[in-house]
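Participant: Mind having a look at this structure? Questions to follow.
The values are calculated or read from the model by the stated rules, or taken from the named source; none is laboratory data. Nothing here was measured: the structure is a model prediction, and the numbers come from that model. When we count neighbours, we look across all protein chains shown, and the Cβ atoms used for this are built from the backbone with ideal geometry, even at glycine. Protein only, heavy atoms only, side chains kept; ligands, DNA and RNA dropped before computing areas. Shrake-Rupley method; radii C 1.70, N 1.55, O 1.52, S 1.80 Å.
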Amino acid sequence: MSLVVRDAEAGDLPAVLAIHNHVVASSDAIFTEELDTLAGRREWFEARGRAGLPVLVAVREGAIAGYASYGPFRPWPGYRDTVEHSVHVASDQRRGGVGRALLEALIERAREAGMHVMVAGIDATNEPSLALHGVLGFERCGYMAEVARKQDRLLDLVLMQLTL
């Protein structure tokens, strides 16, 4: 089962939307309860493109298995060399190397773009994501208790960073 990571195209957006909305509805990996729309994902994708930011997809046997991107860590100019990323994998493709392949490709893109630090904000209970980031060299640099709310539950956030 070959896996290819490539730049996302507009035609990939329905699959990206399906993965995104499933993650929102079924986990705490995205700190929102609001499902997105195809128009919303298109706007996000086009804004990333205008800003020169990558959106990657992993394709396995012709189907989108996951997607990844990074964007500014914070809006002020002093943070211009730091990015925060997100990686999301289709539920039936987890633990099959998709997340790792996407994150490795995203790290390489950030290095090529001259970024200095990549930040991950991870739900504190998401052990697979915490482990993956650790294997790829990210270090825990912060723990923020009860900073988010989802479905009337308070969530903790772990911050990890990789110096590129």
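Participant: Quick one: dipole size for the chain, taken about the Cα centre, charges +1 on Lys/Arg Cβ and -1 on Asp/Glu Cβ, in debye to the nearest 20.
Facilitator: 220 debye
Participant: Let me ask something else about it. Please say if segment 1-75 is rounded, prolate or oblate, where rounded means a/c under 1.5 for a ≥ b ≥ c the square roots of the C-alpha gyration tensor eigenvalues, and otherwise the choice is prolate for a/b larger than b/c and oblate otherwise? Could the numbers behind the result be given before it?
Facilitator: Numbers: a/c = 1.58, a/b = 1.12, b/c = 1.41.
Oblate, since a/c reaches 1.5 and b/c is not below a/b.
Participant: In what sequence, highest mean first, do 30-36, 88-94 appear when ranked by Cβ atoms within 10 angstrom?
Facilitator: Per-residue Cβ counts within 10 Å, averaged per peptide and sorted highest first, yield 88-94, 30-36.
Participant: Quick check on segment 57-106: take the gyration tensor over C-alpha atoms, sort the square-rooted eigenvalues as a ≥ b ≥ c, and tell me if it's rounded (a/c under 1.5), prolate or oblate. Walk me through the intermediate numbers first.
Facilitator: On the way: a/c = 3.27, a/b = 3.21, b/c = 1.02.
Note, shape of segment 57-106 comes out prolate.
Participant: If I stretch the segment between residue 21 and residue 37 completely, what's the gain in nm (0.36 nm per residue apart, minus their alpha carbon distance), one decimal? Could you put the intermediate results ahead of the total?
Facilitator: Details: separation 16, 0.36 × 16 = 5.76 nm, distance 0.87 nm.
Once the chain is fully extended between residue 21 and residue 37, it gains 4.9 nm.
Participant: Tell me, what is the percent relative contact order of the chain, built from C-alpha pairs under 8 Å that lie six or more residues apart?
Facilitator: Values: 278 pairs, mean separation 32.5, N = 164.
In percent, rounded to a whole number, it is 20.
Participant: Based on the Kirkwood radius over alpha-carbon pairs, what is the Stokes-Einstein translational diffusion coefficient of segment 39-124 at 37 °C with 0.692 mPa s viscosity, in µm²/s? Can you show the working numbers first?
Facilitator: Details: Rh = 13.7 Å.
For these conditions, the coefficient is 239 µm²/s.
Participant: With the dipole of segment 1-99 worked out from charges on the C-beta (+1 for Lys and Arg, -1 for Asp and Glu) around the Cα centre, which of 53, 17, 31 lies farthest toward the positive end?
Facilitator: Towards the positive end, the residue furthest out is 53.
Participant: Give the distance, in whole Å, between the Cα centre of segment 73-116 and the Cα centre of segment 6-25.
Facilitator: That distance is 16 Å.
Participant: While we're on this one: Give, rounded to the nearest 20 debye, the magnitude of the charge dipole that segment 90-164 has about its Cα centre when Lys and Arg contribute +1 at Cβ and Asp and Glu contribute -1 at Cβ. Don't skip to the end; give the middle numbers.
Facilitator: On the way: 9 positive and 10 negative charges, 16 e Å.
It works out to roughly 80 debye.
Participant: In addition: Figure the gain on full extension for residue 94 and residue 10 (residue separation times 0.36 nm, minus the Cα-Cα span) and round it to one decimal in nm. List each step's numbers first, then the result.
Facilitator: On the way: separation 84, 0.36 × 84 = 30.24 nm, distance 2.36 nm.
Roughly 27.9 nm would be gained on extension.
Participant: So how strong a dipole does segment 54-101 carry about its Cα centre when Lys and Arg Cβ are +1 and Asp and Glu Cβ are -1, to the nearest 20 debye?
Facilitator: With only Lys, Arg, Asp and Glu charged at Cβ, the dipole is about 100 debye.
Participant: Starting at the first residue of segment 117-133, write each ³J(HN,Hα) from the Karplus equation 6.51 cos²θ - 1.76 cosθ + 1.60 with θ = phi - 60°, in whole Hz, x for Gly and Pro.
Facilitator: With the stated coefficients, segment 117-133 comes to 9, 10, 10, 10, x, 10, 3, 4, 9, 8, 4, x, 5, 4, 5, 4, 4 Hz.
Participant: Multiply the residue gap between residue 125 and residue 140 by 0.36 nm, knock off their C-alpha separation, and tell me the result in nm, one decimal place. Please report the intermediate quantities before stating the final value.
Facilitator: Values: separation 15, 0.36 × 15 = 5.40 nm, distance 1.39 nm.
Length difference between fully extended and current span is 4.0 nm.
Participant: Quick check: at a probe of 1.4 Å, how many percent of the accessible area of the chain sits on carbon and sulfur atoms? Intermediate values should be presented prior to the final figure.
Facilitator: On the way: 4430 of 8860 Å².
Carbon plus sulfur share of accessible area: 50 percent.
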